[in-house]
Amino acid sequence: MDNSISQTVRKTLFYSVLVFGALIMIIPFLWMITTSLKTRGATLVLPPQFIPDEINFANYQRVAEVFPVGRFFLNSLFVALTSTIGQIITASMAAYAFARIEFKGREVIFLIYLATLMVPTQVTMIPQFILMKYLGWLESYRGLIVPGIFNAFGTFLLRQFFLTIPKSLEEAAFIDGASHFRVYRQIIMPLAKPALATLSVFAFMQSWNSYLWPLIIVSEKAKMTLPLGLSLLQGRWTTDWNLMMAGVVISVIPVLAVYLFAQKYLIQGITLSGLKE
Amino acid sequence: MVGDKGVKKLLIISIFLLPNMLGFMVFIGIPIISSFVLSFTEWDLISSPSFVGLSNYIQLFHDDNFWAALKHTLTFIVGYLPTVMAISLAIALILNQKIKFKVFFRAAYFIPVVTSWVAVALIWKWLLNPTYGLVNYGLSLVGVTGPAWLQDPSWAMVGIILTSVWKDVGFVMVLFLAGLQGIPNSYYEAAEIDGANRFQKFWKITLPLLSPTTFFVLVISLINSFQVFDQVMIMTQGGPAGSTTVLVQQIYNHAFRYNQMGYASAASWILFALVFIVTFIQMRLQKRWIDYGQ
């Protein structure tokens with residue numbers, strides 16, 4: 001009896017905390033949406049209106065007139081997709097070598113890779129910028145995409161996964177005369193789909209949300225990605241929150257859509273990369 | 001002598017490894033080394049670089065702005081790290097119980113994680129608006145007059161910390177949840193047979209067995225928080241009155257506003273050194289409080 005009462009009290013407390021927390025997480029996004037549908041006057045009212053008297057979509061139109069949001073969007077999409085694909089291909093091939101082919105110096109090279117994980121990106125950022133400048137890659141898609149393809153994280157994540165695939169699978173293939181290329185393409189890669197999906201989601205999100213690197217190498221609107229373009233809104237409309245929120249909504253919606261589809265892989269990836277070493 | 005077989009093997013390894021390794025060398029390896037070399041030079045990218053020895057580091061040591069940025073970065077870490085860890089752990093512990101709508105809650109807490117910092121910072125700048133913001137309106141409902149947040153030098157960093165905690169809680173929570181799910185149920189069952197109560201189970205089983213996760217979370221959160229930048233850049237740009245300047249912003253300003261590549265590189269190596277020292281200390285201390293089981 002006593003036990004079931006305390007059980008009920010505890011459950012109630014738990015649910016209250018969770019609901020309260022979830023509200024704190026979600027309300028800012030709802031506020032973003034309603035603000036984006038208000039007139040400027042309606043944003044400057046006390047008490048704040050949750051549902052505006054008059055709903056208008058004109059803010060979206062105005063933002064799109066002044067800022068090439070469509071262009072920003074396509075730039076972000078192109079940059080994120082290509083750098084993700086580049087990372088998946090190069091990292092999976094290297095990971096295959098690290099996990100499946102024995103050769104002298106393998107451990108040493110892999111250790112060097114791992115060691116660079118500790119170096120903050122700000123250290124490599126300055127020489128990378130100088131390199132871009134001399135290659136003439138400033139203000140270019142190449143400059144936005146290529147450096148983002150290479151990092152130790154992807155290779156590390158895939159190597160760890162490849163190591164868990166039983167050797168017996170490929171041994172049979174080798175006896176049948178298969179080459180490493182065939183084993184990589186027809187055995188390892190299909191089996192590694194969950195890990196590849198995870199890395200893809202990670203790489204995509206990272207590129208999609210990246211701000212500092214585009215800020216450094218791009219200043220022409222035509223090449224800007226969404227986060228960078230969005231930061232420009234701020235300089236233009238310091239107090240027009242309805243317009244700013246319309247811009248934010250445009251940038252947030254696609255990534256939320258990707259997230260809802262890929263939730264499983266993303267969370268799986270965080271736990272994989274984080275805890276299994 | 002390397003035979004035909006050896007040559008073929010070398011060729012295969014090269015094909016697999018080279019695309020990644022070349023890129024890695026060009027964009028990560030060589031930049032790390034060049035950055036170190038650059039930190040001993042003076043270079044504005046126009047005239048040719050000149051070697052200046054330790055002068056950048058000495059100048060940094062006497063640079064008040066640098067010390068202020070370091071202080072603000074540490075303030076950020078001290079405010080952010082314990083808060084985000086405590087809240088995330090609490091929510092993870094609750095979500096690890098038999099809870100309905102678990103997937104919904106986890107998804108809700110995770111939304112800010114996938115949203116770009118630029119978007120989050122803009123949303124919160126509006127929420128923290130002193131007059132028309134939702135936060136101060138909420139506070140006024142419970143009779144509190146909210147501060148001017150990002151416009152008040154003594155509250156701006158608090159606003160940035162709050163926003164950062166809000167954005168990262170979901171991420172840290174997922175890590176804790178994974179750790180909690182790795183604790184075998186049999187431990188709790190055995191403790192129950194021995195008559196352990198809830199608190200004993202938490203202190204004697206959950207916390208010690210979770211300690212490797214806690215350690216991991218601590219290390220990566222600390223490394224990330226030394227690099228705090230995006231939110232500061234959007235929300236305050238270091239203001240008001242320079243009250244929220246941070247280390248990465250100093251590096252950014254010196255490199256890309258004042259064209260002082262050498263000086264900025266030196267500052268980036270100080271950042272690296274700080275990250276390294278802190279990680280190293282944690283690695284040394286880990287044996288004292290981490291239980292890796294048998």
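How big is the gap, in Å, between the Cα center of the range A:26-102 and the Cα center of the range A:130-166?
The range A:26-102 and the range A:130-166 have Cα centres spaced 23 Å from each other.
For the range A:65-275, give the magnitude of the charge dipole about the Cα centre (Cβ charges: +1 Lys/Arg, -1 Asp/Glu; no others), in debye to the nearest 20.
180 debye
Given a 10 angstrom Cα cut-off, can you work out which residue in B:Pro19, B:Pro212, B:Pro130 is the most mobile in a GNM of chain B?
B:Pro19
Can you tell me which aspartates and glutamates have their Cα less than 19 Å from the Cα of B:Lys125? Leave out same-chain residues fewer than eight positions away.
A:Asp240, B:Asp152, B:Asp168, B:Asp230
About the Cα centre of the protein assembly as shown, what is the dipole size in debye to 20, counting +1 per Lys and Arg Cβ and -1 per Asp and Glu Cβ, all else neutral?
The dipole of the protein assembly as shown has a size of about 960 debye.
Grab the other residues whose beta carbon is less than 14 angstrom from that of A:Ile26, score K and R as +1, D and E as -1, and report the net.
Taking every Cβ under 14 Å from that of A:Ile26, the sum is +2.
Which log10 I(q)/I(0) values does chain B give at q = 0.10 Å⁻¹ under the Debye formula, counting every alpha carbon as one identical point scatterer?
-0.77
Work out the mean other chain Cβ neighbour count within 10 Å for the residues of B:260-269 and drop it here as an integer.
3
Starting from the amide H of B:Ala196, placed 1.01 Å from N in the peptide plane, find each other amide H under 5 Å away whose residue is 5 or more places distant or on another chain.
Residues meeting the criterion, in which the H sits 1.01 Å from N, do not exist here.
So what's the Cα pair-distance distribution over chain A, bin width 5 Å, in %?
Calculated over all Cα pairs of chain A, the distribution is 1, 5, 9, 11, 12, 12, 12, 10, 8, 7, 5, 4, 2, 1, 0, 0 percent.
Karplus couplings for the range A:36-52 from phi (6.51 cos²θ - 1.76 cosθ + 1.60, θ = phi - 60°), rounded to Hz, Gly and Pro as x?
Result, rounded to whole Hz: 5, 9, 9, 7, 4, x, 5, 7, 9, 10, 10, x, x, 8, 6, 10, x.
For peptide B:35-45, what's the mean number of Cβ atoms from other chains within 10 Å of each residue's Cβ?
2
Sort B:229-236, B:50-57 for me by packing, meaning the mean count of neighbouring Cβ atoms within 10 Å per residue, highest on top.
B:229-236, B:50-57
Where does the Debye-calculated log10 I(q)/I(0) of the range B:4-51 sit at q = 0.13, 0.23, 0.24 Å⁻¹, using only Cα point scatterers of equal weight, no solvent?
Taken in order of the listed q values, log10 I(q)/I(0) reads -0.51, -0.83, -0.86.
If the cut-off is 24 Å between C-alpha atoms, which lysines fall inside it for A:Lys264, apart from same-chain ones fewer than 8 positions away?
Here the lysines satisfying the reach criterion relative to A:Lys264 are A:Lys193, A:Lys276, B:Lys98, B:Lys100, B:Lys102, B:Lys167.
Let me know the shape class of the range A:88-206, please: from the alpha-carbon gyration tensor, a ≥ b ≥ c as square roots of the eigenvalues, rounded when a/c is under 1.5, otherwise prolate if a/b is greater than b/c, or oblate.
Note, shape of the range A:88-206 comes out prolate.
Quick one: which of A:163-176, A:83-96, A:107-120, B:146-159 comes out on top by average Cβ neighbours within 10 Å, and what's the full order, highest first?
A:83-96, B:146-159, A:107-120, A:163-176
Quick check on the protein assembly as shown: helices-only [θ] at 222 nm, where DSSP H runs of length 4 and up contribute -39,500 (n - 2.57) each and the sum goes over total residues. Nearest 500, please.
-23500 deg cm²/dmol
So which aspartates and glutamates can A:Lys11 reach, going by Cα to Cα under 17 Å and dropping same-chain residues fewer than 8 places off?
Partners found: A:Asp2.
Which three lengths, in whole Å and largest first, does the range A:52-158 cover when its Cα atoms are put on their principal axes?
Principal-axis extents of the Cα atoms in the range A:52-158, largest first: 69, 33, 22 Å.
If you project the alpha carbons of the protein assembly as shown onto their three principal axes, what span does each projection cover, largest first, in Å?
Answer, in whole Å and largest first: 84, 76, 48 Å.
Long-range amide H contacts for B:Thr41: which residues qualify at under 5 Å (H placed 1.01 Å from N, peptide plane, sequence gap of 5 or more or a different chain)?
Residues meeting the amide H criterion: B:Val52.
Residue-wise, which Karplus ³J(HN,Hα) couplings in Hz belong to the range B:125-130, taking 6.51 cos²θ - 1.76 cosθ + 1.60, θ = phi - 60°, and x for glycine or proline?
For the range B:125-130, the Karplus-derived couplings read 4, 6, 4, 8, 3, x Hz, x marking Gly and Pro.
Please grab the % of Cα pairs in the range B:41-158 that end up more than 18 Å from each other.
74 percent
Binning at 5 angstrom from zero up to the longest distance, how are the C-alpha pair distances of the range A:2-58 distributed in percent?
The distribution over the range A:2-58 is 4, 17, 17, 13, 10, 9, 9, 7, 6, 5, 2, 1, given as percents.
Please build a GNM for chain B, connecting alpha carbons under 10 Å apart, and tell me which residue among B:Val113, B:Val165, B:Val84 fluctuates the most.
Residue with maximal mean-square fluctuation among B:Val113, B:Val165, B:Val84: B:Val113.
Where a number appears in this text, it was derived from the coordinates with a stated rule and is not lab data. All values derive from a computational prediction rather than experimental measurement. For neighbour counting, all protein chains shown are included, and Cβ atoms are generated from backbone atoms with ideal geometry for every residue, glycine included.
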